[in-house]
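Quick notes on the structure that follows.
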Amino acid sequence: QVQLVESGGGLVQAGGSLRLSCTASIRIFSFNTVGWYRQAPGKTRELVATFTRGGYRNYADSVKDRFTLSSDNAKNTVYLQMNSLKPEDTAVYYCKMVLGPSDYWGQGTQVTVSS
């Protein structure tokens, strides 16, 4: 049973920073793809940033140059460093990892950016 546990969300003022963490119950290098998605109220879930086992990184245009995806394989943890936060970044952020044909999601962590 693969489990993903997220942490690091919270309330921050515009221009501030947060770092989200997602720890997996198995080695993260086992996954094909790891990354973060977000869902704002009344909107569909959207991709924020992902990277593949082969090293390809993909960022949403809206977060490029502000957000950085990284990992610590020894801790089985993926991080999303979010800088220069904007009110429009307010959403529930979800960690997602793909292993073979299966998708695994974290429980979500709320990020609120005040203006």
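In sequence order, segment 11-18 has phi-based couplings of 9, 9, 7, 3, x, x, 10, 9 Hz under the Karplus curve 6.51 cos²θ - 1.76 cosθ + 1.60, θ = phi - 60°, and Gly or Pro positions carry x. Collect residues whose amide H, placed 1.01 Å from N in the peptide plane, falls under 5 Å from the amide H of Thr90; neighbours closer than 5 in sequence don't count. For Thr90, whose amide H was placed from the backbone, the distant partners under 5 Å are Val113. Across segment 64-72, coupling constants 3J(HN,Hα) worked out from phi with the 6.51/-1.76/1.60 Karplus curve, θ = phi - 60°, read 4, 6, 10, 10, 9, 9, 8, 8, 10 Hz, and Gly and Pro carry x. Scanning residues 5 or more positions from Asn32 or on other chains, those with amide H under 5 Å from its amide H are Val98, Leu99, Gly100, with H placed 1.01 Å from N in the peptide plane. GNM remark for the chain: springs join alpha carbons under 10 Å apart, and the peak mean-square fluctuation among Gln39, Gln13, Gln81 falls on Gln13. Rounded to the nearest whole Hz, the Karplus-based 3J(HN,Hα) values (6.51 cos²θ - 1.76 cosθ + 1.60, θ = phi - 60°) of segment 88-102 follow the sequence 6, 7, 4, 4, 8, 9, 10, 8, 9, 10, 10, 10, x, x, 10, with x at glycine and proline.
Based on C-alpha pairs under 8 angstrom that are at least 6 apart in sequence, the chain has a relative contact order of 37 percent. Here Ser115 sits with roughly 140 square angstrom of accessible surface, probe radius 1.4 Å.
The values are calculated or read from the model by the stated rules, or taken from the named source; none is laboratory data. In this text the structure is predicted, and so the values were computed from the model without any measurement. The area values use the complete protein model at the heavy-atom level, side chains included, leaving out ligands, DNA and RNA. Shrake-Rupley method; radii C 1.70, N 1.55, O 1.52, S 1.80 Å.
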